[in-house]
Amino acid sequence: MVVSLYINKAGSLLINNLLATGRKFGKKSDISILRDERGILEPHSDLLATALAVIGFVVLAALLSRAYMGYEDRSFALENYESASLLAGTLAEAPALRAESPDMLSASALDKLSGPGGQDERMKFFAAFSGNYPFLVEIRTGDGRWQWLLDPEIVEPGYLIGKQEKVAASVPVVIELNPAESVPGTLTVVLYKTPWM
């Protein structure tokens with residue numbers, strides 16, 4: 001009996017609530033849809049959100065392109081440093097630069113190669129290497145008193161002086177100035193970027 005009384009009371013409450021809700025829906029509202037703020041978004045907030053999203057994508061694209069261009073600029077050095085280092089090691093062992101003593105470079109051979117009369121010797125020296133990699137060789141003593149520059153004749157004049165991208169690698173060498181005197185120094189290879197690299 002208590003249960004049946006409870007069910008009757010719950011049922012009557014449910015019916016009253018349904019009738020009250022029906023009256024609300026059936027009743028005409030005096031408030032226009034433009035003044036009702038319950039479910040309508042402002043029309044301009046979508047434009048602002050879209051503009052911010054587009055600006056964000058443009059900034060992201062600019063940052064990504066800048067990072068790629070920076071990587072592209074430095075990729076030549078990253079890819080070719082090992083080649084320049086191997087070339088420097090090979091040139092330090094080249095017979096055209098060697099002195100009578102083992103493991104030394106000859107200052108007199110360097111004088112001949114770097115001087116104005118050594119054009120034929122320079123051509124033979126650089127002919128042993130590929131023309132696809134234009135490079136020059138700089139050899140200097142540790143104290144800076146002596147310096148030799150070997151540049152190839154196979155590239156047009158002024159090419160190696162310009163602002164081309166380049167990578168350099170050095171190896172330590174011993175330079176025999178005369179039979180009684182030898183000094184430490186460095187052999188540096190500067191490898192230049194070409195349009196096809």
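Which residue is modelled with the lowest pLDDT, if the candidates are limited to the stretch 129-188 and must be charged (D, E, K, R) and within 19 Å of L113 (Cβ to Cβ)? Applying the filter and picking the extreme gives E153. If I filter the stretch 115-126 down to residues being loosely packed, with under 12 Cβ neighbours inside 10 Å and not charged (D, E, K, R), which single residue comes out as farthest from the chain's Cα centre (by Cα)? Here the answer is G117. Residues in the stretch 75-91 that are under 19 Å from G142 (Cα atoms) and surrounded by 20 or more Cβ atoms within 10 Å (Cβ to Cβ): A88, L91. Any idea which of A53, A67 is open to solvent by less than 80 Å² (accessible area, probe 1.4 Å), within 30 Å of V190 (Cβ to Cβ) and at pLDDT 80 or above? Within the list A53, A67, the selection yields A67.
The values are calculated or read from the model by the stated rules, or taken from the named source; none is laboratory data. Keep in mind it's a predicted model, so treat the numbers as computed, not measured. When we count neighbours, we look across all protein chains shown, and the Cβ atoms used for this are built from the backbone with ideal geometry, even at glycine. Note: areas computed on protein heavy atoms with side chains; ligands, DNA, RNA excluded. Shrake-Rupley method; radii C 1.70, N 1.55, O 1.52, S 1.80 Å.
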